[in-house]
Structures are given as C-alpha cells and as structure tokens.
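One structure, pasted below without further comment.
The values are calculated or read from the model by the stated rules, or taken from the named source; none is laboratory data. No experiment lies behind these values; they were computed from the predicted model shown. With ideal geometry, Cβ positions are generated from the backbone for all residues, glycine too; neighbour counts draw on all protein chains shown.
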Amino acid sequence: MKTPIPNRRSFLKLASLTGAAAVTSSSVLAGDGDDDRDDDSRELTRGDRNILIAAEIAEALAVTTYTNIINLAPFFPLLAADDQGYLQAARQEEMSHYLLEQSVTGQPSPFTSFFYPPNMFSDAQTTLNVLVTLEDAFIAAYLVGVRKFSNANLRVTAARIMGIESDHRTLARVIGPGVDPSVGGPIETITGIQGVAESVDPPNNNGYERTLHWTRIQQAVDALTPFADMSAAQAAGFDTSVSYPFVPFTPKLPSPLGEFHSFKG
C-alpha cells in the first residue's frame, strides 16, 4: 500500500473546529527536579497541542483497526494463540496511549469513525499491509514529537510510546507466515508506508526506526487523513460505503511493570 496523499483539508484543520483552548497539566509538564530549562513550561504550546491532537486521532484509528481485525478478520481466529495475544494486547496499549494524550489535551478525538481501503478486514494481505503502514506512520509521527515537543517530559513520553509502536510493527510482520492457507496465507511479504514489498524474514528488519524524513507533524497527518476524512478517503480509493466507529474503553495492560506509572517512568 502506498502512502495515501489527501487533496483535502488536514486533520489539524478539522480538529481546530473543536475550538478547545490549550490547557495546563502540571502533572505532565512540570519539571522533574533537574535544571533543564526547557522543562520549566507549565502549559502546552500550540505546537505541543497540534502534535497531541494528531496523536489522539492516530491512536483512535489504531484502536479501531485492531478492534476490527480481532472481530472481523477471517484469519484472526486461525492464528496461534500468541499471535492472537499480540493483536489483543496492542488494542489495549493503543487505548492506553489515547487516554494518556486525552488527559493532557482535555478533549477527545475530533474524529469518531474511520475509513479503510477495500477488503481491509476480509483479505489478510491487505489487513497486514495497512496495519504495518499505520505503524510505520505512528513511529515516524512520534519521532516528530521527540524532535518538536517543547519539554523533556513530553519528548520522553513520545519516545516511550514510539517504542511500543515499533513492537507492534514487528509483531504484525511476525504473524504473516502464520496466516492459515485457507484464508490467504502464509504471507511472506508485507508492504508498508514506503510502498515496497518487504520480506517478513526477519520480522525485525530495522536497524534504526524510519523517520520517513518527517520533521513536521503536518506530514504525518497528511498521510493519515484519508482514514478519517471522506473526501480524502474517496480520493485515495478507500471504501467509503462503510465507516468503522471508534469505541473507547477502559484498557487493561498486559503487565503492571509496563504500565504508565509516571512521566518519570
């Protein structure tokens, strides 16, 4: 799947319609006791907020994607138990990310339903191509946060979330060969956001995470807009006959050791 390029309004322009002002979150933005001057901020900057709103939308999209893979994809119930467990845990983790970001912005995602390419949840190759495409985008987007957030607490948090998205990308590639032949498997190559079919052997094929040369959050939201905006979805050839709702829930993370205990880790 090639990177979708919208020709319509972006996430951030649409998100601005919600009109919520930037909020102070001292538990998030307060300094951690050292002398780093860039930790002194007690309010979100406009740039911080733009990145966080984009991240909320991305996490809502991720939750919706994993939910419907689990509920609808024919290959899911035929996977080995540990591969099913990856997809189930990823859904919990993405929901946790969403709620953390919402706690900082003080507002929910301005998008509550999403569009996908044709056969997204019926064809295993399409499912995994899109899933890896999304995880590629999430990784690069959080790396923009590492570059651009105004204080160290937010930058480190972006890196912590990015690491989980990297886990998800690798594990999505792990399950390709485990897709049952009766539903289109085994899948030996997966095409991510760069439009290149890559062997799933080895699944951890990155020596370094790919930035996609993104240095502005607008590049991330442009790539993801077809999943949220009908006009952009139509332009990208997505199936707009059905949209899939984002349904928030209370997540239960797999291990207490991996929960978000504080911004200090």
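Could you tell me which numbered condition residue 250 fails, if it satisfies all but one of (1) surrounded by 11 or more Cβ atoms within 10 Å (Cβ to Cβ); (2) closer than 21 Å to residue 62 by Cβ?
Answer for residue 250: the failing condition is (1).
Also: Do we have residue 60 as surrounded by 23 or more Cβ atoms within 10 Å (Cβ to Cβ) and assigned to a helix (DSSP H, G or I) here?
It is true that residue 60 is surrounded by 23 or more Cβ atoms within 10 Å (Cβ to Cβ) and assigned to a helix (DSSP H, G or I).
Shifting gears a bit: Given the criterion surrounded by 19 or more Cβ atoms within 10 Å (Cβ to Cβ), of a type in the set (Asp, Glu) and closer than 19 Å to residue 119 by Cα, identify the matching residue among 222, 229, 239.
Checking each option against the conditions leaves just 229.
To continue, here is another question. When residues of the stretch 85-117 are filtered for being touching a strand residue (DSSP E or B) at 6+ places or on another chain (Cβ under 7 Å) and either among the β-branched types (Val, Ile, Thr) or crowded, with 20+ Cβ neighbours inside 10 Å (or both), how many remain?
Final tally of qualifying residues: 5.
While we're on this one: Looking at residue 66 and the list (1) modelled with pLDDT of 95 or more; (2) outside any helix (DSSP H, G or I), which single condition is not satisfied?
(2)
Related question: What are the pairs with Cβ atoms under 6 angstrom where one residue, in the stretch 55-79, is under 22 Å from residue 176 (Cβ atoms) and the other, located anywhere, is modelled with pLDDT under 95 and crowded, with 19+ Cβ neighbours inside 10 Å? Sequence gap at least six, or different chains.
Short answer, once both residue conditions are applied: none.
Which of the residues spanning the stretch 226-252 are assigned to a loop (DSSP other than H, G, I, E, B) and either aromatic (Phe, Trp, Tyr) or modelled with pLDDT under 95 (or both)?
238, 246, 249, listed by residue number.
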